[in-house]
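Each value in this text was obtained by applying a stated rule to the coordinates, not by laboratory testing. In this text the structure is predicted, and so the values were computed from the model without any measurement. When we count neighbours, we look across all protein chains shown, and the Cβ atoms used for this are built from the backbone with ideal geometry, even at glycine.
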Amino acid sequence: MYHLIEFAVELKVDRDLSARQPLERVRLQKGARMRAQVRPYVVETHEEGLIEVADLFFEDGSATRRIPFVCFTFVE
């Protein structure tokens, strides 16, 4: 299921276009809205302890990984 999300901060992320292409560094602007499938999970860091993150799979077939939930909100 795709959700409309809005980025709360500006992010530089690695976008995965396909397994055959190298990762592409892109900037996601604060306030940008995109439709994405959200696959949530928790990771443990040394500095912050447990944090909720998600892999985002966009409608164009690209994906980003380990995006903290505090960086985006659900619009719908």
Task: Sole residue being touching a helix residue (DSSP H, G or I) at 6+ places or on another chain (Cβ under 9 Å) and either of a type in the set (Gly, Ala, Ser) or at positive phi (or both), chosen from Ala19, Ala54 - done: Ala54
TODO: Identify, from the list Ala8, Ala19, Ala32, the residue that is surrounded by 13 or more Cβ atoms within 10 Å (Cβ to Cβ), free of Cβ contacts under 8 Å to residues at least 60 places away in the same chain, out of contact with any Gly (no Cβ under 8 Å at 6 or more places or on another chain) and of a type outside the set (Ser, Thr, Tyr).
DONE: Ala32
Open item on the list: Here's a check for you: in region 49-59, which residue that is touching a strand residue (DSSP E or B) at 6+ places or on another chain (Cβ under 9 Å) and farther than 12 Å from Cys71 by Cβ is surrounded by the fewest Cβ atoms within 10 Å (Cβ to Cβ)?
Closed with: Leu50
Task: Verdict on Ala54 being out of contact with any Lys or Arg (no Cβ under 7 Å at 6 or more places or on another chain) and assigned to a strand (DSSP E or B) - done: no
Task: Yes/no for Glu44 being free of Cβ contacts under 8 Å to residues at least 12 places away in the same chain and not in a loop (DSSP other than H, G, I, E, B) - done: yes
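Kindly indicate whether Glu6 is in a loop (DSSP other than H, G, I, E, B) and out of contact with any Cys (no Cβ under 6 Å at 6 or more places or on another chain).
no
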